[in-house]
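J.: There's a structure below that I have some questions on.
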Amino acid sequence: MKESNQRKTGEVAAILMSVWLGIVATTVTHLWSYYNPLQANPILLKMGSWIPSWWAIGPYTGKETAGLVVWLCTWAILHWTLGRKEVNLKPWTIGFTIAFIANLIILWPAVYHTILWWPALPNTLPGGEG
Amino acid sequence: MKSMFTARDLAVTQASVAALLFLSIPMFNVIGLSNHKLEAVLHGLGATVTVIMSCQALHLTYPMLRGKKGAAANLEWVLWLTSLLVLVTIALGNWLYIPYRGPDGPQQWLMYHSPEVHLIVMEYKEFVSLYPLPLGIAAAFLLRRFRHNLEAGSTLSGIIALLVTLFWICLLIGFACGIGMTKLKMV
């Protein structure tokens, strides 16, 4: 009981921040792999190659790995830095909620495909391949 | 005359029947036309179990928010267990993703026949379904660290409830999109 009274609200902020950064890491790597597949996909495949059958699952394994690593690493770093301070949780809660929803919106493929471009469909090009 | 059953009896009946019948949905695949039944059924069962358990977790936030004794500890273990099952279901989803994107698989079929199903629904759900893992672990970890001085109506209990709500929403997005896709094309 005594020990738990000493816990700082910074720990909560560290968790919110790291969860969001991990989520954003999957979004950013996904957009990168769409924007520049020739550069991104070999790197993502390499990053995902600790997952069994990574070669059959594809660059998705690298995106998962990026999310996992960013989430856990930023959590560890923020827990030992931000987690030792007292913070006002209200702006953190509002910021996290807005940032979380913003990510859900930008990840909706109709949104980022409209901003970037839509992929060529396999049966719409001369020669048949997309 | 007193009623023969209590509100609790009715709630337990509803939960049991809902769980049993919802679990039968992925089991239809056993007598279905899937080419990868084991992967499909296991991933479907995992998705169904985690959605049901996340509903229970969401219900357990209400007594936690009111500051009922023991509610935080109860919610915490449900969250740990559900997060573990979410991890298992993600791994099973990766396994099912192999035949999905393989030659002559549903991805190819959908790109020719109904590209928006792959380009929008699948591309969205494969990422949103990952979010419950950090969200569930975050909420469980906060309960572990702060449950002894968690006050009713505090900002912190609100944040935990927010995380559990997002956990449930993201699981349900994955569940609805997944079921929707299997209605259109089986792996």
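The values are calculated or read from the model by the stated rules, or taken from the named source; none is laboratory data. As the structure is a computational prediction, the values presented were derived from the model and not from experiment. Heads up, the Cβs are rebuilt from the backbone with ideal geometry, glycines too, and the neighbour counts pull from every protein chain shown.
J.: Looking at A:Glu64, A:Glu86, can you tell me which residue is free of Cβ contacts under 8 Å to residues at least 40 places away in the same chain and either acidic (Asp, Glu) or on the phi > 0 side of the Ramachandran plot (or both)?
T.: Just one listed residue meets the conditions, A:Glu64.
J.: Take A:Pro119 and tell me if it is within 9 Å of chain B (Cβ to nearest Cβ) and modelled with pLDDT under 95. First the steps, then the outcome.
T.: Working: within 9 Å of chain B (Cβ to nearest Cβ): yes; modelled with pLDDT under 95: yes.
Considered against the rule, which asks whether it is within 9 Å of chain B (Cβ to nearest Cβ) and modelled with pLDDT under 95, A:Pro119 comes out as yes.
J.: Can I ask one more? Name every residue in the stretch B:139-160 that is surrounded by 18 or more Cβ atoms within 10 Å (Cβ to Cβ) and of a type in the set (A, V, I, L, M), in order of residue number.
T.: Once the filter is applied, which keeps residues that are surrounded by 18 or more Cβ atoms within 10 Å (Cβ to Cβ) and of a type in the set (A, V, I, L, M), the stretch B:139-160 yields B:Ala139, B:Ala140, B:Leu142, B:Leu143, B:Leu150, B:Leu156, B:Ile159, B:Ile160.
J.: Next up: How many residues are among the basic types (Lys, Arg) and either within 11 Å of chain B (Cβ to nearest Cβ) or out of contact with any helix residue (DSSP H, G or I) (no Cβ under 7 Å at 6 or more places or on another chain) (or both) when one looks only at the stretch A:83-102?
T.: 1
J.: Across the stretch B:86-137, what is the number of residues that are outside any helix (DSSP H, G or I) and either closer than 27 Å to A:Leu16 by Cα or free of Cβ contacts under 8 Å to residues at least 60 places away in the same chain (or both)?
T.: Total meeting the criteria: 6.
J.: Of the residues A:Leu107, A:Leu116, A:Leu68, which is surrounded by 13 or more Cβ atoms within 10 Å (Cβ to Cβ) and either out of contact with any Ser or Thr (no Cβ under 6 Å at 6 or more places or on another chain) or over 20 Å from A:Ala25 (Cα atoms) (or both)?
T.: Going through A:Leu107, A:Leu116, A:Leu68 in turn, the sole match is A:Leu68.
J.: Across the stretch A:71-92, what is the total count of residues that are farther than 24 Å from A:Asn41 by Cα, in contact with a Ser or Thr (Cβ under 9 Å, 6 or more places away or on another chain) and aromatic (Phe, Trp, Tyr)?
T.: Going through the stretch A:71-92 one residue at a time, the tally reaches 2.
J.: Looking at (1) β-branched (Val, Ile, Thr); (2) surrounded by 19 or more Cβ atoms within 10 Å (Cβ to Cβ); (3) within 10 Å of another protein chain (Cβ to nearest Cβ); (4) touching a residue at least 12 places away in the same chain (Cβ under 8 Å), find the lone condition where A:Ile51 falls short.
T.: (2)
J.: How many residues does the stretch B:79-91 contain that are surrounded by fewer than 20 Cβ atoms within 10 Å (Cβ to Cβ) and either touching a strand residue (DSSP E or B) at 6+ places or on another chain (Cβ under 9 Å) or more than 13 Å from B:Ile137 (Cβ to Cβ) (or both)?
T.: 2
J.: Looking at the structure I just gave you, is A:Pro109 at the interface with chain B (Cβ under 10 Å from one of its Cβ atoms), out of contact with any Cys (no Cβ under 9 Å at 6 or more places or on another chain) and at pLDDT 95 or above?
T.: So A:Pro109 passes the test.
J.: Within the stretch A:73-82, is even one residue at pLDDT 95 or above and facing chain B (nearest Cβ under 9 Å)?
T.: Yes, that holds for at least one residue.
This table checks each residue for (1) more than 10 Å from every other protein chain (Cβ to nearest Cβ); (2) crowded, with 20+ Cβ neighbours inside 10 Å; (3) closer than 21 Å to B:Val78 by Cβ.
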{"position": "B:Leu110", "(1), (2), (3)": "yes, yes, no"}
{"position": "B:Met122", "(1), (2), (3)": "no, yes, no"}
{"position": "B:Ser129", "(1), (2), (3)": "yes, yes, yes"}
{"position": "B:Leu135", "(1), (2), (3)": "no, yes, yes"}
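J.: Next question. Only one of these conditions is not met by B:Pro115: (1) within 27 Å of A:Thr97 (Cα to Cα); (2) surrounded by fewer than 21 Cβ atoms within 10 Å (Cβ to Cβ). Which number is it?
T.: Only one criterion is unmet by B:Pro115, namely (1).
J.: Answer with yes or no whether B:Ala11 is free of Cβ contacts under 8 Å to residues at least 12 places away in the same chain, part of a helix (DSSP H, G or I), of a type in the set (Gly, Ala, Ser) and over 17 Å from B:Leu172 (Cβ atoms).
T.: yes
J.: Of all residues in the stretch A:54-65, which are at the interface with chain B (Cβ under 7 Å from one of its Cβ atoms), surrounded by fewer than 21 Cβ atoms within 10 Å (Cβ to Cβ) and in contact with a Leu (Cβ under 8 Å, 6 or more places away or on another chain)?
T.: A:Gly58
For every residue, the table says whether it meets (1) closer than 23 Å to A:Leu72 by Cβ; (2) of a type outside the set (Ser, Thr, Tyr); (3) touching a strand residue (DSSP E or B) at 6+ places or on another chain (Cβ under 7 Å).
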{"position": "B:Tyr100", "(1), (2), (3)": "no, no, no"}
{"position": "B:Ser114", "(1), (2), (3)": "no, no, no"}
{"position": "B:Arg147", "(1), (2), (3)": "yes, yes, no"}
{"position": "B:Thr155", "(1), (2), (3)": "no, no, no"}
{"position": "B:Gly158", "(1), (2), (3)": "no, yes, no"}
{"position": "B:Leu166", "(1), (2), (3)": "yes, yes, no"}
{"position": "B:Cys177", "(1), (2), (3)": "no, yes, no"}
